[in-house]
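Here's the structure, in structure tokens; my notes come after.
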Amino acid sequence: MGCDFAIAKDFLLFFLTKPISMKLSVIIPIYNEIQTIEKILKKITTVMPEIPKEIVMVDDGSKDGTREWLVDTFGDPEQHPVLANVNLAGKFQCFPLDQSAETNGDRQGNSFVMPKEWEVKVIFHRQNQGKGGALHTAFAAATGDVLIIQDADLEYDPEDWGPMWKLIDGGWADVVYGSRFYGNPHRVLYFHHYLGNKLITSLIDLVCNINLTDIEVCYKMFRREVLEDLRLTCNDFGFEVEFTMKVTRSPKRWRIYEVGVAYYGRTFAEGKKINWRDGVKALGYIAKFWLTNA
């Protein structure tokens, strides 16, 4: 009875405090992704158009033309946020925040793919600070009720957001992890990466007494209250370990779910960045956050 009452209380509090229409912040750390950034953004614009959302991009010192493309496409970042859309000609259109496609009009006379615009913020790091550093900057700029991390490459498909969103919007979950090991399409790649991921995940499961299957996955969707509860410090790929250990060990006992996601992985020749050194660092981070409970 006590457990049932606690669950009912959680649901009641969630629906009493939940905004009528929650806003999703899509957090995109970017480093040297000129070949994929436009394609992934166009994918994002077609997903869940009924949900208010903003896209917060942090370019982490790219040197391959990504920074220039972002400025050419979305304008001066000092004027952000702006509203953006994609017309039927496949071109991005941007408008001041207090206007829209309907009031400003498309100068080329094109119709728009999406019924609504989405807010865009682009932030530039002068020097590379690492994935975690880019995420910290983006988190500070995000205004959504729910956040999701989306890599700028094409390894993950935004179509997989739907089941994750339903768990949070329905009041079941505070944090939802994707998992590449639930039977969804998964490119066959490096065994050593697979083994390292399993080792890291299993160690965290052991010390945190949980049963996640893929803590190194990009896709993590979570409520703003979860982010505000955490003090995150890692600037590199250690973010994945730190976030997971602090979420699972929080006194607030956040409700965590997993859903299967597709994985269209890249080889190193195609732009894969994480390597064995990051795996060794992850083991060190597990020891650090376990022993210090920092």
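Is it true that residue 34 is closer than 28 Å to residue 145 by Cβ and out of contact with any Lys or Arg (no Cβ under 7 Å at 6 or more places or on another chain)? The answer is no for residue 34. Scanning the stretch 181-202 for residues that are open to solvent by less than 60 Å² (accessible area, probe 1.4 Å), closer than 19 Å to residue 246 by Cα and either among the aliphatic types (A, V, I, L, M) or assigned to a loop (DSSP other than H, G, I, E, B) (or both) returns a single hit, 200.
In this structure, is residue 73 modelled with pLDDT under 85, among the hydroxyl-bearing types (Ser, Thr, Tyr) and over 25 Å from residue 237 (Cβ atoms)?
Numbers: modelled with pLDDT under 85: no; among the hydroxyl-bearing types (Ser, Thr, Tyr): yes; over 25 Å from residue 237 (Cβ atoms): yes.
Answer is no for this residue.
Annotation: residue 225 fulfils all but one of (1) within 20 Å of the chain's Cα centre (by Cα); (2) at pLDDT below 95; (3) exposed (fewer than 15 other Cβ atoms within 10 Å of the Cβ); the unmet one is (2). Residue 277 satisfies every condition listed in (1) more than 22 Å from residue 26 (Cβ to Cβ); (2) surrounded by 14 or more Cβ atoms within 10 Å (Cβ to Cβ); (3) basic (Lys, Arg) except (2).
Take the residues of the stretch 232-269 that are among the charged types (D, E, K, R) and not in a helix (DSSP H, G or I): which is surrounded by the most Cβ atoms within 10 Å (Cβ to Cβ)?
At the first step, the residues of the stretch 232-269 found to be among the charged types (D, E, K, R) are 236, 240, 242, 246, 249, 252-253, 255, 258, 266.
If we keep only those that are not in a helix (DSSP H, G or I) too, we end up with 236, 249, 252-253, 255, 258, 266.
On the way: 236: 18, 249: 16, 252: 10, 253: 10, 255: 18, 258: 21, 266: 15.
The extreme case among them is 258.
Taking the residues in the stretch 11-25 that are modelled with pLDDT of 60 or more and out of contact with any strand residue (DSSP E or B) (no Cβ under 6 Å at 6 or more places or on another chain) as candidates, determine which candidate is surrounded by the fewest Cβ atoms within 10 Å (Cβ to Cβ).
So, considering only residues that are modelled with pLDDT of 60 or more and out of contact with any strand residue (DSSP E or B) (no Cβ under 6 Å at 6 or more places or on another chain), the one surrounded by the fewest Cβ atoms within 10 Å (Cβ to Cβ) is 20.
Per the conditions (1) without any contact (Cβ under 8 Å) to a residue 60 or more places away in the chain; (2) touching a helix residue (DSSP H, G or I) at 6+ places or on another chain (Cβ under 7 Å), the sole criterion not satisfied by residue 239 is (1).
Looking across the stretch 61-76, the residues that are touching a helix residue (DSSP H, G or I) at 6+ places or on another chain (Cβ under 9 Å), surrounded by 18 or more Cβ atoms within 10 Å (Cβ to Cβ) and not polar (S, T, N, Q) come down to 61, 70. Scanning the stretch 26-53 for residues that are open to solvent by less than 30 Å² (accessible area, probe 1.4 Å), of a type outside the set (Lys, Arg) and within 21 Å of residue 137 (Cα to Cα) turns up 26, 27, 28, 29, 30, 33, 37, 40, 41, 44.
The values are calculated or read from the model by the stated rules, or taken from the named source; none is laboratory data. Bear in mind that the values here come from a model prediction, so they are computed numbers and not experimental data. Reconstructed Cβ throughout: ideal geometry from the backbone, glycine too, with neighbour counts over all protein chains shown. These area figures cover heavy atoms from the full protein model, side chains too; ligands, DNA and RNA do not enter into them. Shrake-Rupley method; radii C 1.70, N 1.55, O 1.52, S 1.80 Å.
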